[in-house]
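One structure is given below, encoded as structure tokens.
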Amino acid sequence: LEIIKFTKTIAIANKESIICAWNLIQKNLKKYKTNFIPVDSEHFSIFSLLQNQNVNNIEKIYITASGGPFIDLPKRKFEKIKISDALKHPNWSMGKKITIDSATMMNKVFEVIEAKNIFNLDYKKIRILTHPKSYVHAIIKFKDGLAKILTHDPDMKIPIYNSLYFYEKINYQSKPLDLNILNDLKLKKVDLSKFSTVKILNNLPKYPSLFETVLITINDYLVFKFLDKKISFKKLIYLINKITKLKEFQKYKKIKPKKPEDIYRLNAYVSSKMDSFSI
């Protein structure tokens, strides 16, 4: 929020700020006439595909998810998942927390919220497709019958580089197009019986609210409990779904963040409530 005041263009990679405080970010972007570029690979892909396009022409946006290390693991084996198993992401080298979010698919839930905020879309227009190779990052189906797909190697250097040089278009030394992957994309709908966290998207508020802060805080707390060997992977998914539905947290769906302090205070409050639960 402070940096926006002093730059003509800002590229944001941080999910949490976009999820919890997009209305505050957007207000500053307009006030200081600052351009915004999303850096997350899926959102940079959507951003690129929408250049010179009318957002009202969008029929559906598909963002892809690798499915993490358990895309092919039967649900009955989730009981035996170890921390070391959950940290073995097949395509991306990330920090522990985000790697676990990928394994539970909460990372993709967050990315849908990001996409909804950044591009001012209804949740109904955004879908998740599993794609084990992480080569396709976004697909947009337009109302005129056309569909656009953006692909690149699973390497964050590419969206970061293109964000930094978006207006200059300086060449980037990349690998040749991988036709083997393109001929075997394996795009599928999410198996909701395994990745039930994705169902959270069905009950999110249409407009910016403090509930997104609740969601982020609950997930953060539980992921670190899992990494601390206090809960199993299966219980991690179960508790994310259960606790986010509690009545005492649902009320925040109707409250909009007015300043950063609203988010900080709620984050601390939800964390303290989590401490009081028997987890």
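The values are calculated or read from the model by the stated rules, or taken from the named source; none is laboratory data. Not measured: the values here are computed from a predicted model. For neighbour counting, all protein chains shown are included, and Cβ atoms are generated from backbone atoms with ideal geometry for every residue, glycine included. Please note that ligands, DNA and RNA were not included when accessible areas were found on the heavy atoms of the full protein model with its side chains. Shrake-Rupley method; radii C 1.70, N 1.55, O 1.52, S 1.80 Å.
Output the relative contact order of the chain, whole-number percent, from Cα pairs under 8 angstrom with separation of 6+ residues.
Relative contact order comes out at 23 percent.
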May I ask you to derive the relative contact order of the range 167-244, considering only C-alpha pairs under 8 Å and at least 6 residues apart, and to give it as an integer percent? 30 percent
Please go through the residue pairs LYS96/LYS229; LYS108/LYS273; LYS108/LYS186 and name each one whose alpha carbons sit more than 21 Å apart in this structure. LYS108/LYS273
Accessible surface of LYS8 - all protein chains present, 1.4 Å probe, nearest 10 Å²: 150 Å²
Run the numbers on the range 136-279 and let me know its relative contact order in percent, using alpha-carbon pairs under 8 Å that are six or more apart. 22 percent
Please report the net charge: other residues with Cβ closer than 12 Å to the Cβ of MET105, K and R +1, D and E -1. 0
Just to be sure I understand: with springs between alpha-carbon atoms less than 10 Å apart, which residue in ILE118, ILE149, ILE170 has the highest mean-square fluctuation in the Gaussian network model of the chain? ILE170
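State the percent of C-alpha pairs, over all pairs in the chain, separated by a distance greater than 36 angstrom.
Counting pairs separated by more than 36 Å, the tail of P(r) holds 14 percent.
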Please sort through the DSSP H helices of the chain and keep those with an alpha-carbon extent of at least 15 Å along the long axis and a Kyte-Doolittle average not below 0.0. 106-118, 211-227, 233-244
May I ask which of LYS75/LYS225; LYS82/LYS254; LYS27/LYS199; LYS33/LYS141 have a Cα-Cα span longer than 26 Å here? LYS82/LYS254; LYS27/LYS199; LYS33/LYS141
Cross-link partners of LYS30 among lysines (Cα-Cα below 19 Å; sequence separation of 8 or more within a chain): LYS5, LYS8, LYS116, LYS256, LYS258, LYS259
Please work out the ratio of the alpha-carbon Rg of the range 23-108 to 2.2 N^0.38 Å and round it to two decimals. 1.48
For the chain, what does -39500 (n - 2.57) per DSSP helix run (n ≥ 4), summed and divided by total residues, give at 222 nm, in deg cm²/dmol to the nearest 500? -12000 deg cm²/dmol
In terms of Cα to Cα distance under 20 Å, which aspartates and glutamates are near enough to LYS189, apart from those fewer than 8 places away along the same chain? GLU42, GLU59, ASP72, ASP101, GLU111, GLU114, ASP122
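Considering only protein heavy atoms, what per residue accessible area in square angstrom results for the chain with a 1.4 angstrom probe? If you can, show how the numbers build up before the last one.
On the way: 15020 Å² over 279 residues.
Accessible area per residue, the chain: 54 Å².
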Treat each spin label as a single point 7 Å out from the Cα along the C-beta direction, and report the ILE83 to LYS230 distance in nm. 1.3 nm
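On the protein heavy atoms, probe 1.4 angstrom, tell me the percent of accessible surface of the chain carried by carbon and sulfur.
That fraction is 52 percent.
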So what does the Cα-only Debye profile of the range 159-279 read at q = 0.11, 0.15, 0.17 Å⁻¹, as log10 I(q)/I(0), no solvent term? -0.60, -0.85, -0.93
